[in-house]
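Enquirer: Below: one structure in structure tokens.
Values in this text are rule-based calculations from the coordinates and carry no lab data. The model shown is predicted, which means the values in this text are computed figures rather than measured ones. So basically every Cβ, Gly included, is an ideal-geometry build from the backbone, and we count neighbours across all protein chains shown.
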């Protein structure tokens, strides 16, 4: 247990979250995505299209850049092919290197006793804290915690 990092010791208790809070968070998320999808995103895209058309007209039509584009088309194709070969080569290398290996290894389960031992908590503290709805965690020192039950908002 001592070689395990503090970041691995996370208490996940989604059942402790009230249904009111879950509903509020879901509603806020849906409203936020709706605002982004319906209002913000089309406005941003419209502005970018207008700027893109203006820049294209200025450089390709008015300044006659379309003629140099025709001269450089072979170079552009070569660059695209080189990028494709690099990405395909890297993908093939990774496929060869990691074939048959499961890289999605889960962290080992952490028990209440492991948490109490790691954070130097009194016995049965973790079981008691798991029943609390809102918790304030204060890191006193590297491995010392101060846990307080806070009033629900």
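Enquirer: Could you list, bin by bin from short to long, the percent of Cα-Cα pairs of the chain in 5 Å steps?
Expert: 1, 6, 8, 9, 8, 8, 8, 9, 10, 9, 7, 6, 5, 4, 1, 0
Enquirer: Also: So for the pair residue 96, residue 77, with labels modelled 7 Å out along Cα→Cβ, what separation do we get in nm?
Expert: It is 2.9 nm.
Enquirer: Tell me the label-point distance for the pair residue 110, residue 140, using the 7 Å Cα-to-Cβ offset, in nm and rounded to one decimal.
Expert: Those two pseudo-labels are separated by 1.9 nm.
Enquirer: Can I ask one more? Rounded to the nearest 500, what is the chain's calculated 222 nm mean residue ellipticity when only DSSP H runs of at least 4 contribute -39500 (n - 2.57) each, over all residues?
Expert: Values: 5 runs with 78 residues, N = 153.
Here the helix-only value at 222 nm equals -17000 deg cm²/dmol.
Enquirer: Taking the 0 to 90 degree range and rounding to the nearest ten, how far is the long axis of helix 41-56 tilted relative to the main principal axis of the chain, both from C-alpha atoms?
Expert: Relative to the chain, helix 41-56 is tipped by roughly 30 degrees.
Enquirer: Nearest 10 degrees, 0 to 90: what angle lies between the long axis of helix 65-97 and the longest principal axis of the chain (Cα atoms)?
Expert: That helix lies at roughly 30 degrees to the long axis.
Enquirer: Moving on. Could you give the radius of gyration (one decimal) and Dmax (whole number) of the Cα atoms in region 111-153, in Å?
Expert: Just the Cα atoms of region 111-153 yield Rg and Dmax of 10.6, 31 Å.
Enquirer: In degrees from 0 to 90, rounded to the nearest 10, what is the angle of the helix 19-34 Cα long axis to the longest principal axis of the chain?
Expert: Orientation of helix 19-34: about 10 degrees from the principal axis.
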